[in-house]
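Scroll down for the structure; my scribbles are underneath it.
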Amino acid sequence: MSMNEETLCRMQHMRLLGMHAAFKASQENFTLDKMTNDEFTSWLITNEWDGRCNRTIERLVKAAGFRYEASLEHIDYRCRESWIAT
């Protein structure tokens, strides 16, 4: 088992899913060559942070039990004359 594979296993075991995905993507895309160690570490931590925030939001939305899945794209912003006060 190579050192990178061992690192990926440890990240997965520690439930660092964002770091795991970012590190795996860096191996496939060779992004490590273009970054300094500090930039790479910051990139891994940022991916982990974003992943945790996204999973928290998904969990809270699921727990809220909304009837309909709504988004800003579904809002009709066109002005209707009946809404205008005279």
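For the reader, a short list of remarks on this structure follows.
- Residue ID - farthest from SER26 (Cα to Cα), chosen from residues in the stretch 41-66 that are of a type in the set (Gly, Ala, Ser) and surrounded by 10 or more Cβ atoms within 10 Å (Cβ to Cβ): GLY51
- Residue count for the stretch 23-34, restricted to those that are of a type in the set (D, E, K, R) and surrounded by 14 or more Cβ atoms within 10 Å (Cβ to Cβ): 1.
- Listed by first and then second residue, the pairs with beta-carbon distance under 6 Å, at least 6 apart or on different chains, first residue in the stretch 1-22 and surrounded by 10 or more Cβ atoms within 10 Å (Cβ to Cβ) and among the acidic types (Asp, Glu), second in a helix (DSSP H, G or I) and at pLDDT 90 or above, form an empty list.
- For the stretch 14-38, the set of residues classified as among the polar types (S, T, N, Q) and either under 13 Å from ASN4 (Cβ atoms) or under 16 Å from the mean Cα position of the chain (by Cα) (or both) consists of SER26, GLN27, listed by residue number.
The values are calculated or read from the model by the stated rules, or taken from the named source; none is laboratory data. This is a predicted model, so every value here is computed, not measured. FYI the Cβ positions are ideal-geometry reconstructions off the backbone, even for glycines, and counts take in every protein chain you see.
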